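The values are calculated or read from the model by the stated rules, or taken from the named source; none is laboratory data. Because the structure is a prediction, the values reported are computed rather than measured. Cβ placement follows ideal geometry from the backbone for every residue including glycine, while neighbour counts extend to all protein chains displayed. Note: accessible area is taken over every heavy atom of the protein model, side chains too, but ligands, DNA and RNA are not part of it. Shrake-Rupley method; radii C 1.70, N 1.55, O 1.52, S 1.80 Å.
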Amino acid sequence: DGKTSTRSMALTEDNVCEYVRTLLPIKGCALRPEDTLQSLEIHGGNLNYAFRVVAQADSARSVFVKQAPDFIKCLGPEAALSSARIALESAVLCEYNRLAPAFTPRHLHFDSARAIILMEDLAGHVLLRDELLAGRVHVGDGRALGTFMGLTHKATWRGGGQLADVDSDAYAARFSNDLLCGITSEYIFRKPYDPQDASNRSSSGLADVVAALRADSEGVASAAAELNAAFLGKKQCLIHGDLHSGSVMVAATAAGSDAEPTDEEYARGRLRCFDPEFACFGAAAFDVGLALAAYAFAFHHHAAAGDPAALPAIAKSAAALWGAYEPHLEQVARATGDGDLARATLSEATGFMGAELVRRVIGAAHVPDLEGIEDSEARIQAERAVLHLGCEALKGWRNVSTLDALVALITARGGTES
């Protein structure tokens, strides 16, 4: 019934293989009932348990298993969070399989009683973040990410796309996701600006700028509050809701290869977007802003401590992302009669990007792009640059109305004094 507690039936490395075996054969899954199975728990996620189950005789045949406990995994059973959230994730993944199958893992099975999803195991893929930080930057990945957003946003746009002839109110209600939208609202737009909030943390070397930022209640905090209202209030289309570079995987690059992937490789699934548990029917610009922030983090990582030669490709990737997305938005604009849609979305995405950048420096959840910089001076330099960029984007997002202005903002090197 979807309400059963998962605490008494939590999957572990010891029992997940037997659980998967009881489901075999599964359509679309290469595992066979007679296989000897092996499991590996995948660590790193904050909310859920995840496992890779493979055939002992052939590790290329595998499945990814995800279970949502009725609490936040990283905080423990005292931090209650309804496991029903995974039912929405399952429904969104099915929608993505229908709308953009080349850009998402295949949905294979959903067990509502145990809050478990089985999906395609993206073996041979690595996080986009890891590739960007290693300096393996492919402009085509930015383009593919823009295409994924364009396809899914356009098809589900209220009053346009495939929703033109269906009950868009019912579709929006199906993907409302108030629970996790509330978490996004708190941790991106409100908590980082509250000096009394105990979940916030930041480098001691930033104490001066962080104190000034939080004292400026009419500046960035006010802008964040306005964007929070847009995030909660705009009901435009189905959005992923957590589209950072840790929610995107790309096929691992062969050693020594720096060639751009081909269109055929993308059609075969080179880039995949996953973990849509924060998905909702909401503001299109929020997805775009988080995706742009991923490239901003990578840019300032390399500017401070990485490979300066990667900077032009990162800037081109951010531009390619919007370049691939905008034509889909223009189709929506024609269908809905909103001639200002593309410009307004670009501007708002700039603001959402800014909110994401700021919260990853002074809020509760940080990113390896910055925290992984070992040299403390370089890390502070990168954090100051990102914080400066985030504040500029938050306060000035309405003034960013062209792609050139957006790229210039991302690649500006202000605020780096240590």
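Pairs meeting the criteria (first residue in the stretch 19-34 and of a type in the set (Gly, Ala, Ser) and open to solvent by 70 Å² or more (accessible area, probe 1.4 Å), second residue assigned to a loop (DSSP other than H, G, I, E, B) and at pLDDT 95 or above, beta carbons under 8 Å, at least 6 apart or on different chains) are lacking. Here Asp242 fulfils each of the conditions (1) farther than 24 Å from Ala100 by Cα; (2) part of a loop (DSSP other than H, G, I, E, B) apart from (1).
Out of the residues in the stretch 35-93 that are of a type in the set (Ser, Thr, Tyr) and over 19 Å from Asp275 (Cβ atoms), which is least open to solvent (accessible area, probe 1.4 Å)? Result: Ser39.
A quick yes/no check of all residues on (1) modelled with pLDDT of 95 or more; (2) buried (at least 16 other Cβ atoms within 10 Å of the Cβ); (3) within 28 Å of Ala198 (Cα to Cα):
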{"position": "Ala310", "(1), (2), (3)": "yes, yes, no"}
{"position": "Ala315", "(1), (2), (3)": "yes, yes, no"}
{"position": "Glu330", "(1), (2), (3)": "yes, no, no"}
{"position": "Met353", "(1), (2), (3)": "yes, yes, yes"}
{"position": "Asp369", "(1), (2), (3)": "yes, yes, yes"}
{"position": "Ser376", "(1), (2), (3)": "yes, no, yes"}
{"position": "Thr416", "(1), (2), (3)": "no, yes, yes"}
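In this entry, Asp287 passes the filter for residues that are closer than 23 Å to Gly354 by Cβ, acidic (Asp, Glu) and in contact (Cβ under 8 Å) with a residue 40 or more places away in the chain.
Taking residues in the stretch 395-418 that are within 17 Å of Ala223 (Cβ to Cβ) and in a helix (DSSP H, G or I), and partners anywhere that are modelled with pLDDT of 95 or more and not hydroxyl-bearing (Ser, Thr, Tyr), the pairs with Cβ atoms closer than 6 Å and at least 6 places apart or on different chains are Lys395/Ala223; Trp397/Gly351; Leu406/Val400.
Based on this model, can you work out whether Leu403 counts as crowded, with 18+ Cβ neighbours inside 10 Å and in contact with a helix residue (DSSP H, G or I) (Cβ under 6 Å, 6 or more places away or on another chain)? Considered against the rule, which asks whether it is crowded, with 18+ Cβ neighbours inside 10 Å and in contact with a helix residue (DSSP H, G or I) (Cβ under 6 Å, 6 or more places away or on another chain), Leu403 comes out as no.
Within the stretch 51-63, residues that are under 14 Å from Tyr19 (Cβ atoms) have Cβ atoms under 9 Å from residues that are open to solvent by 60 Å² or more (accessible area, probe 1.4 Å) and assigned to a strand (DSSP E or B) in these pairs: Phe51/Leu40; Arg52/Gln38; Arg52/Leu40; Val53/Gln38; Val53/Leu40; Val63/Arg52, counting only partners at least 6 apart in sequence or on another chain. In summary, Arg129 fulfils each of the numbered conditions (1) over 30 Å from Gly306 (Cα atoms); (2) open to solvent by 10 Å² or more (accessible area, probe 1.4 Å) with the single exception of condition (1). Total residues in the stretch 115-137 satisfying the condition of being in a loop (DSSP other than H, G, I, E, B), out of contact with any strand residue (DSSP E or B) (no Cβ under 7 Å at 6 or more places or on another chain) and touching a residue at least 24 places away in the same chain (Cβ under 8 Å): the figure is 3. Within the stretch 206-225, is even one residue touching a His at 6+ places or on another chain (Cβ under 9 Å) and either outside any helix (DSSP H, G or I) or open to solvent by 30 Å² or more (accessible area, probe 1.4 Å) (or both)? Within the stretch 206-225, one or more residues are touching a His at 6+ places or on another chain (Cβ under 9 Å) and either outside any helix (DSSP H, G or I) or open to solvent by 30 Å² or more (accessible area, probe 1.4 Å) (or both).
Apart from one condition, Arg334 fits all of (1) more than 21 Å from the chain's Cα centre (by Cα); (2) under 13 Å from Leu128 (Cβ atoms); the exception is (2). Write out, first by first residue and then by second, each pair whose Cβ atoms fall under 7 Å of each other, whose residues are 6+ apart or on separate chains, and whose first residue, in the stretch 70-91, is in contact (Cβ under 8 Å) with a residue 40 or more places away in the chain while the second is open to solvent by less than 30 Å² (accessible area, probe 1.4 Å) and of a type in the set (S, T, N, Q). Sorted first by the residue in the stretch 70-91, then by its partner, the pairs are Asp70/Thr6; Asp70/Ser83; Ser83/Thr6; Leu88/Asn177.
Are any residues in the stretch 352-394 among the aliphatic types (A, V, I, L, M) and not in a helix (DSSP H, G or I), and if so, which ones?
If the condition is that a residue be among the aliphatic types (A, V, I, L, M) and not in a helix (DSSP H, G or I), then Ala364, Ala365, Val367, Ile373 are the ones that fit.
Condition check for Arg174 on (1) over 29 Å from Leu40 (Cα atoms); (2) surrounded by 22 or more Cβ atoms within 10 Å (Cβ to Cβ); (3) in contact with a strand residue (DSSP E or B) (Cβ under 9 Å, 6 or more places away or on another chain): one failure, at (2).
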